[in-house]
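Here is the structure we will look at.
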Amino acid sequence: MRNSNHLIGLLNFFTFLLSIPIIGGGIWLSSRANNTDCLKFLQWPLIVIGVSIMVVSLAGFAGACYRNTHLMWLYLFVMFFIIAALIGFIIFAYAVTDKGSGRPVMDRAYSEYHLEDYSGWLKDRVTDDSYWGKISSCIRDSKVCPKMRRVINGAPETADMFFLRKLNPVQSGCCKPPADCGFVYENETLWNPGGGLVGSNPDCTRWSNDQEQLCYQCDSCKAGVLASLKKSWRKVSVINIVVLIILVIFYVIGCAAFRNNRRIDNDEPYGEARMTKSQPSRIQF
């Protein structure tokens, strides 16, 4: 009995530790939401799941230490639903980020992003006018485009140097016009029409050299945000899958140990068969 309680207590301690990377992933997504991705509701389900695992693990740990069967039963019951919620979150994260990626551009180190490559719930959420107003404002306030600027010997870097930079999706989609517009590079966020002509891409007319406008209303900017979200969510999902596998293993072991405790509490035999008779047979001489 004591060994089973020690095992359950140890498993709950490790489960408590496993909640830390889940909460950390949610906090990281929150920081990305404030600085780059700018979609601020996506991290909260992950943080809630992490905090729930942490609280339930503490309850299970207390139940094991004090041999409180009710706390242990509550721990196993709630943990089942938390594991199911984590599975649901992982499936959801992959389902809404399954499409879309950057397109390579000739003679450029960076990729460009096109809104038509994306579809589904996340695209509809990002492109919704009410949400996009907040997202574009967040990108502008985060100064992600001004931070692109580099000065070499008192002058902006050359076009050749800029074209060799590996821009992140938001920088590529929001801070410069698409390559097919044919704009001429002046500096990282200042581009002029080449020969007075622009391409047929609607984003070409949306581009503005006004540093408060740039390409924040472009479809390429929305696609860049979606690509950035996809990259962030995929990184966190890898951690979540590893944590989920370990949680399931711990949960199965915890169920077995709890069942063993119940068997001992009820004085049930373990691993052996017993035969009983209502009356002992008489021995005749």
* Asked: Taking a spot 7 Å from the Cα of residue 235 along the direction of its beta carbon, which residues of segment 149-186 have an amide N less than 14 Å from it?
  -> 168-170
* In segment 54-157, trypsin sites (Lys or Arg not before Pro) in a DSSP loop with at most 15 other beta-carbon atoms within 10 Å -> 67, 99, 143, 149, 150
* Modelled FRET efficiency - R0 30 Å, residue 109 with residue 153, Cβ distances, 0.05 increments -> 0.85
* Looking at this model, which pairs from 134/222; 99/230; 99/222; 176/230 are more than 19 angstrom apart at the alpha-carbon? -> 176/230
* To do: Averaging sequence separations of C-alpha pairs under 8 Å and six or more residues apart, then dividing by the length of segment 40-198, give the relative contact order as a whole percent.
  => 16
* 1.4 Å probe accessible area per residue over segment 102-153, in Å² -> 60
* Structure fact -> Burial-style ranking of 112-121, 226-235, average other-beta-carbon count within 10 Å with highest first, yields 226-235, 112-121
* Structure fact -> Per the 1/(1 + (r/R0)^6) rule, R0 = 22 Å and r from the Cβ atoms of residue 186 and residue 164, FRET efficiency to 0.05 is 0.80
* Asked: How big is segment 92-244 by the Kirkwood estimate over distinct Cα pairs, in Å?
  -> 16.3
* Fully extended, how many nm does the chain gain between residue 200 and residue 81 (0.36 nm per residue separation, minus their Cα-Cα distance)? -> 37.7 nm
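The values are calculated or read from the model by the stated rules, or taken from the named source; none is laboratory data. Everything numeric in this text was worked out from a predicted model, so none of it was measured. Cβ: placed from backbone, ideal geometry, glycine included. Neighbour counts: every protein chain shown. With ligands, DNA and RNA removed, areas are computed over all heavy atoms of the protein, side chains included. Shrake-Rupley method; radii C 1.70, N 1.55, O 1.52, S 1.80 Å.
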